[in-house]
Each structure stands twice: as structure tokens, then as C-alpha cells.
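Chemist: My structure is below; once you've seen it, I'll send some questions.
The values are calculated or read from the model by the stated rules, or taken from the named source; none is laboratory data. Keep in mind that this is a model prediction, so the values were computed, not measured. Cβ placement follows ideal geometry from the backbone for every residue including glycine, while neighbour counts extend to all protein chains displayed. For accessibility, only protein heavy atoms count, side chains too; no ligands or nucleic acids. Shrake-Rupley method; radii C 1.70, N 1.55, O 1.52, S 1.80 Å.
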Amino acid sequence: MRSPAGKETQKDRMGFWERIYLPEIAKGMATTFKQMFEPAVTREYPEERFAPTGSYRGRPVLVLEEDGERCVACGLCSRVCPALAIQVQAGETLERDKERYPEKFEINMLRCIFCGFCEEVCPEEAIVMSKDYEMVFQNREEAILGKEKLLTPVAQLQDRLEYLRTHQYYEPK
Amino acid sequence: MAESLSIFLTALIKSVIILFGVFLPGAAGSVYFERKISAWIQNRIGPNRVGPFGILQPIVDVVKLIIKEDIIPLVADKRFHALAPVIAVTTAMATFAVMPFGNFVVIGNLRIDLNIASNVNVALLYVLAVGSVSVYAITFAGWSSNNKYSMLGGLRSASQMISYELSMGLSLVGVIMIAGTTSLNGIVEAQANMKWNVFTQPLGFIIFLVASFAETNRSPFDLPEAEPELVGGYNTEYAGMKWGMFFLAEYGHMIAASGMISTLFFGGYDIPFVKQLFPSVFYDGALILGIMQVGFFLTKIAIFAFFFIWVRWSLPRFRYDQLMDLGWKVMMPLALVNIIVTSLVMYALR
């Protein structure tokens, strides 16, 4: 039997037993019955946590070395940020070799989309994506992270820095 | 006078026992196992936080529903809006009035029938009638909510009932012909010793099974509450315990339908061959036989309740026109064929 429009439909291609539908139902039921004895894939979150690898793009942080932050407040991250989440205000100092440093560095986590452009564009490898994925804020002010919350010791970011060195740049064969 | 009072009192006691021993635990258990089985089928764990293995989940759900605000839409017809969930639960419970959980037991010189209304001779017709009333709940809910989606859900429910009630009733004619009675006890006795109707009436069984899925509004025929296109269907405008009552009714219907399937097609409470093999222990009226019959029947209910849940998480929902096609063009003619074949075979074997 053709459908009124004259085109061959899925229904026309079905054989007798498929039209009866009951054997197909039995097949489907057998599949779901088998699935009941497969191991569950659920991760029970608060007890069992996801451990990200270096490739994970979590909360962006600033790298802190022994002699201070890497950031030179060039403002490229702020410029490239598609969500306009980053605000940088440069300051100058004569105490260190690097004369520029960010006087103010704020990331609005309500705006951040975790694209990682800031990390990609940074010439100093000063802003990188961390493994932190648990970001809870009680109010909007708290979601704007200042320097004191962003600066992270370089030792904690080794996985990401290693990943960036091996994957970030295009190398001709 | 004294006799009618004692009949009333025994029926009342039995109703309370069945309400708190079968209906509510059955509904709560189905809620729990619905969530657990759906989780297992989808390779998840399911509720496991409240109590060991999450078995207290239904209780917590009900507490949550009770303390929720009861929202009634301003433009709703308030009387019918409040009446609909009551009808839903009442009709779900009413089926249990005639369901035979066992034959009877004799304690001392007191004969206790193991169903509420003892041996009603029109029990089957009563079950079908009560099943039809349940559609009023959904139609009222849909109409009185004054919401387009609810309205569509209610209308679907009405047309679904008209299409399926017919083939459901016709599919049981074969069963009635074989038993020669519409009393449920009579139908069970006619199936004694593995002469189950599912073997003699396979077509009638399949039609009844499909129709009872439609009757209980369970997937794949849960069109009145089809979430993707109707938001929540008839229960969109309900909140709190009124909403919960619809779900109590749905699971109650599921238990009732499981009971009817096992009574009508799987020998009900009858335990095959024990009366012939051990006549000294298992005679009619023996307490141990009565208890075993109830256990046997409840096990069958549990198996069919599992089947209902299993089907829900396996099969996709039917489209509206497919549902109508199936009801009128397939199941009704098949039910009629079933009646004709059954009567011819019975005439030949007479």
C-alpha cells in the first residue's frame, strides 16, 4: 500500500512481521531487559569526584611564581575575551625586572564562558585554565574574582602548563 | 439486621486491610520500582539517598507533595478541579472491591471470603464499568483547568477510552464464554489446574493487555500526559497532593490492571494441582491454602506490575492517529474474530 502522496514510505518497506509489530516489541523489550544487568555508569558526585586531566578547561587563574605574578598587564586577554569578563588595570614598579604588573585583575565568573582564548592569546603564559570546576557564589559581587583569588602557585598548574607546551602550538611536520 | 451489619463490618475491615495492605504499599512500591527499574534500564543507579537503597523515597516524595502549595488557577472551575483527583483515586480503588485475592478460609465456623464484595456475579462488568468512570477524572481535570494543554490531554483521554474500552470488553467475551459466568471467582475456578485462559485465548489476552495499557494511561499509550507536546497534559495545572493523587491513581490502576490480567488470563489465585496432590492439607477453606493463594496472587500482581514498568521504559509513545488506527482498524476486528473462533471451537467441542 502506497501512501496518498505516492511516495514510498518507511511503512511500505516493512515486511509482514515488522507490520505485526509484536516481534519488534519483543526485540526491544529483550534489549532493555539485558540493559538492566549492565553496570551503572553513574558517578556519585559529592563522594566520587571527577579528576580532570591537563586538557580540562576549568576556572581561569593567574600563574604565581616565587618572585611574583607572571602577568605584565598587556591587556590582550581582556581584549580577546568574547564575553567581556576580564578587566585589567596596569601598574608600574621598579622593584622587579618586569616593570609592568596588573594593579587590578578581575574575572567576572558570571560572564566567563571557559573558551580559553585568554590563555591562548597570553604571550607570557600568565593566565591558564585550571582544573577547578566547583564554582559556587552566594551573590554577584562574590562572583567577580580579584587578584587574591586568581593568583595560583605555579606548582599547582604543572599539568596544564605541560599540556599547553605539548598541544597548544602548531608545529610543522 | 444483625446479619447485614456483620456483612458491612467484615467488608469494612477487609477494605481497610486491602487499602493499607495492598493498594497504598502497591502504589508506593511501584513508584519506587518505577524509578529504580528505569534507572537500571538506562544504566543509572536510581534513588539511593533516603534509607537503605533509597526505599524511603516514596515516603519522602509524599511528604514533599503534602507540604507544597496547592495552586488552583484563577480561571479554573474550582469544583471540578478539586473533584477530578478524587474521582481518579476512587475509581482506582474501586476495582479492588471485587478482586479475588483468594477463595475463602474457614476459621472455627466463620467463613471469610478473601475479597471485599464476596462473589459478586457481575464482578467483571463492574470492573469494566469502573474502568470507564476513571476517564471522567482526566476529562474533568483537562476541562476544569482552563488550559489548552490540559484540555487536549483530557480530549485525548476521552477518545482513547472510546477506542479501547470497546475492544477491551469484546476481548473478554471469550473468557466469559469459557467460564460461563462473569463472577471473577467463577472465572478463576474455570482456569484451575493450569487451564489458563492465556493458553486458550492468546489473541484475547494480547488485545486485553494492550487495551489495559491504554486504560491505565501507561506508556506507550500515555497520550493524555504526553510531555513533549502537551507539557503535562491533564495534570499541568495541578500542584501538591492533588497532583500526587493523580499519580496514586495511575499506580493504583496499574496494580488493579495487573490483578485483572492475572485473574482473567493467568489463573488468578489458583495454585495448580495442590488440591489434588495434598487433599488432606490443602482443602477448600484451609487457612494455609488461603494464605498461599493470597501470596500467589500478589506475586502475580508484582510480576505484571514489573511488566508494566518494563514496557514503559522500552517502547516509544504512539502517535494519536496510530492509536486510533490500532484501536478501530486492528484490535476491534481481531476481538470480533476471537469471539467467532472461540464460539466455533466451543460449539465443535461441545
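Chemist: Modelling each spin label as a point 7 Å along the Cα-to-Cβ direction, I'd like the B:Gln322/A:Asp67 distance in nm, to one decimal.
Modeler: In this crude label model, B:Gln322 to A:Asp67 measures out at 7.1 nm.
Chemist: With r defined as the distance between the Cβ atoms of B:Gln276 and A:Arg19 and R0 fixed at 51 Å, what FRET efficiency is calculated, to the nearest 0.05?
Modeler: 0.70
Chemist: Could you please put B:His253, A:His167 in sequence from largest to smallest accessible area, using a 1.4 Å probe?
Modeler: The ranking, largest first, comes out as A:His167, B:His253.
Chemist: Could you work out the percent of alpha carbon pairs in region A:1-40 separated by over 12 Å, rounded to a whole number?
Modeler: Value for region A:1-40 (Cα pairs over 12 Å): 67 percent.
Chemist: If you take the Cα atoms of chain B, find Rg, then find the Kirkwood Rh from the mean of 1/r over all pairs, what is Rg/Rh?
Modeler: Using only Cα positions, Rg/Rh for chain B is 0.98.
Chemist: Return the equivalent ellipsoid semi-axes of region B:195-236 as a descending list in whole Å, where each equals the square root of 5 times an eigenvalue of the C-alpha gyration tensor.
Modeler: 31, 7, 5
Chemist: Same structure, new question: In angstroms, what radius of gyration and Dmax does region B:104-166 have, counting Cα atoms only?
Modeler: 18.7, 60
Chemist: So, one more: Determine the share of region A:60-167's accessible area contributed by carbon and sulfur atoms, expressed in whole percent, with a 1.4 angstrom probe.
Modeler: Whole-percent figure for carbon plus sulfur exposure: 48.
Chemist: Given chain A, what percent of its DSSP beta bridges are antiparallel, to the nearest 5?
Modeler: Percent antiparallel among DSSP bridges in chain A is about 80.
Chemist: Please give the helix A:158-167 orientation as an angle from the longest Cα principal axis of chain A, in degrees from 0 to 90, rounded to the nearest 10.
Modeler: 70
Chemist: Considering only protein heavy atoms, what per residue accessible area in square angstrom results for chain B with a 1.4 angstrom probe?
Modeler: In whole numbers, chain B has 46 Å² accessible per residue.
Chemist: Order B:Leu65, A:Leu110 by their accessible area, 1.4 angstrom probe, all chains in place, largest first.
Modeler: Largest to smallest exposure gives the sequence A:Leu110, B:Leu65.
Chemist: Now, a different point. A:Ile144's amide H: which non-local residues (gap 5+, or another chain) put their own amide H closer than 5 Å, with H modeled 1.01 Å from N in plane and none for Pro or chain starts?
Modeler: Hits under the 5 Å cutoff: A:Met109.
Chemist: Would you calculate the separation in nanometres between label points at A:Gln156 and B:Ile71, each defined as 7 Å from the Cα along the Cα-to-beta-carbon direction?
Modeler: Once both label points are built, they end up 4.2 nm from each other.
Chemist: Here's something else I'd like to know. Contact order normalised by length for chain B, with contacts defined as Cα pairs under 8 Å and 6 or more residues apart; what percent is it?
Modeler: Across chain B, relative contact order equals 24 percent.
Chemist: Could you compute how much accessible area chains A and B hide from each other, both sides summed, with a 1.4 Å probe? Nearest 100 Å² is fine.
Modeler: Approximately 1500 Å², summed over both chains.
Chemist: Remind me, what semi-axes does the protein assembly as shown give for its equivalent ellipsoid, largest first in whole Å, using sqrt of 5 times each Cα gyration tensor eigenvalue?
Modeler: 64, 27, 24
Chemist: Residues of region B:112-144 with amide nitrogen under 16 Å from the 7 Å Cα-to-Cβ point of B:Ile162?
Modeler: B:132-133, B:135-136, B:139-140
Chemist: Restricting to lysines 8 or more places apart or on different chains, can you count the pairs in region B:72-348 with Cα atoms under 20 Å from each other?
Modeler: Here the count comes out as 6.
Chemist: Now for a different question. Using only Cα atoms, tell me the angle between helix B:202-215 and the longest principal axis of chain B; keep it within 0 to 90° and round to the nearest 10.
Modeler: That helix lies at roughly 30 degrees to the long axis.
Chemist: In µm²/s, what is D for region A:60-167 at 37 °C and 0.692 mPa s, where D = kT/(6 pi eta Rh) by Stokes-Einstein and Rh is the Kirkwood radius from Cα pairs?
Modeler: Estimated diffusion coefficient is 231 µm²/s.
Chemist: Which angle from 0 to 90°, rounded to the nearest 10, does the C-alpha axis of helix B:24-41 make with the longest principal axis of chain B?
Modeler: Helix B:24-41 and the main axis of chain B meet at about 70 degrees.
Chemist: Additional query: Across region B:1-143, how large is the tail of the calculated P(r) beyond 23 Å, expressed as a percent of all Cα pairs?
Modeler: That fraction is 56 percent.
Chemist: Round to the nearest 0.05 the FRET efficiency obtained for B:Thr90 and B:Ala348 when R0 = 45 Å and r is the Cβ-Cβ distance.
Modeler: 0.50
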